[in-house]
Structure formats: C-alpha cells, structure tokens
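See structure below.
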C-alpha cells in the first residue's frame, strides 16, 4: 500500500512540474534587481514557459493553469487584473493551434515562431494596458521587452528541456 501511494504521489508531483516551473519563473521575473527601469523591460519568463510547455507537453499545461499564472502575475506585478491572463490564454490557444506545424521542426523555426508569438502577446498586453489606463503606455519599453524575451528564449528553453528530460521522462 505504501509503495503504491508513493508511486502515485511521484506521478502527481511529476505532472505538476511544468506549472510549478512556470510559477517559479513568474517569481524570478518579479524579483527586484534594483536596476533603473529594469522591471518595465524585464524578460517575460512565464511567457517563455507557457509557450514551451504548451508546445511540448500540452497535457501538463492546461489552460486553467495558464489563466491562474497570468492572474497571479497581474496581482503580484501590479498590472491591470486580467491583462496577463488574457495574454497567456491567447498564447496557449495560438501554440495549441499551430502545435502540429512546430513539432519536429528545427530550433531556429521554433525560435522564429516564439518571436512571432512574443510580439503578438506583448503587443496585446500593451493594447490592453493602454485601454485600461486610457493613455498610451511607452511603446519603447514594450519593444525592448520583446527583444530581451526573445533573446532569453534559447537559455530558458535549454533549462526547461533539461528539467523535462530529467523529471518527465517517465510520464
């Protein structure tokens, strides 16, 4: 009985790895680094994680988890409630609809696809923020955030791949 309980607990904990890592990236992205204007242009690590896990393990990254990750980012990051949730759910939908195209492609194609998704996601986030505040938010900061996020994509993907290979190989 104890062995079967431990086996089930191990399986459940492994199924939670993608969501837990995405939550961890959310918290890492929110840590203040005391650099001038860095928070406005910090890379969107949860966006990378949502893209990665939706592409490679959609069974372990449900849309409800994506919504909750976005909601938590809005609450903790001081953003208008719902902006990140809507953005991440749209990313999830876009990646899910194009998953068949991306699977089996080279990393450069995946990176290009992420670039398109990141531009669209951060533009949507910018538009929703502008609508909420009733004024134009700095477009330069958003453009720089896109560049930083796209630039961080290979490193973050490598880390997520290592986690996937070591922790999720058996499921």
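The values are calculated or read from the model by the stated rules, or taken from the named source; none is laboratory data. What you are looking at is a predicted structure, and each value in this text was computed from that prediction instead of being measured. Counting neighbours? That spans all protein chains shown, and the Cβs are built from the backbone with ideal geometry, glycine included.
Residues being touching a residue at least 12 places away in the same chain (Cβ under 8 Å), within 23 Å of residue 92 (Cβ to Cβ) and either assigned to a loop (DSSP other than H, G, I, E, B) or out of contact with any helix residue (DSSP H, G or I) (no Cβ under 8 Å at 6 or more places or on another chain) (or both): count how many of those fall in the range 121-152.
1
Of the residues in the range 52-94, how many are within 18 Å of residue 20 (Cα to Cα) and outside any helix (DSSP H, G or I)?
3
Of the numbered conditions (1) surrounded by 12 or more Cβ atoms within 10 Å (Cβ to Cβ); (2) out of contact with any helix residue (DSSP H, G or I) (no Cβ under 8 Å at 6 or more places or on another chain), residue 83 satisfies every one except a single condition; which is it?
Tallying (1) surrounded by 12 or more Cβ atoms within 10 Å (Cβ to Cβ); (2) out of contact with any helix residue (DSSP H, G or I) (no Cβ under 8 Å at 6 or more places or on another chain), residue 83 fails exactly one: (2).
Is it the case, given these coordinates, that residue 49 is within 23 Å of residue 15 (Cα to Cα) and in a helix (DSSP H, G or I)?
Judged against the criteria, residue 49 is a match.
Can you tell me which residues in the range 21-43 are at pLDDT 80 or above and surrounded by 13 or more Cβ atoms within 10 Å (Cβ to Cβ)?
Selection gives 21, 22, 23, 24, 25, 26, 27, 29, 30, 42, 43.
Looking at 14, 8, 57 in this structure, which one is farther than 24 Å from residue 159 by Cβ, modelled with pLDDT under 95 and either surrounded by 13 or more Cβ atoms within 10 Å (Cβ to Cβ) or more than 13 Å from the chain's Cα centre (by Cα) (or both)?
Just one listed residue meets the conditions, 8.
Here are the criteria: (1) surrounded by fewer than 22 Cβ atoms within 10 Å (Cβ to Cβ); (2) more than 13 Å from the chain's Cα centre (by Cα); (3) over 17 Å from residue 160 (Cβ atoms). Tell me which single one residue 72 does not satisfy.
It is condition (2) that residue 72 fails.
Residue under question is residue 114, and the condition is that it be closer than 19 Å to residue 58 by Cα, surrounded by 13 or more Cβ atoms within 10 Å (Cβ to Cβ) and touching a residue at least 12 places away in the same chain (Cβ under 8 Å); does it hold?
Numbers: closer than 19 Å to residue 58 by Cα: yes; surrounded by 13 or more Cβ atoms within 10 Å (Cβ to Cβ): yes; touching a residue at least 12 places away in the same chain (Cβ under 8 Å): yes.
For residue 114, the condition - closer than 19 Å to residue 58 by Cα, surrounded by 13 or more Cβ atoms within 10 Å (Cβ to Cβ) and touching a residue at least 12 places away in the same chain (Cβ under 8 Å) - is met.
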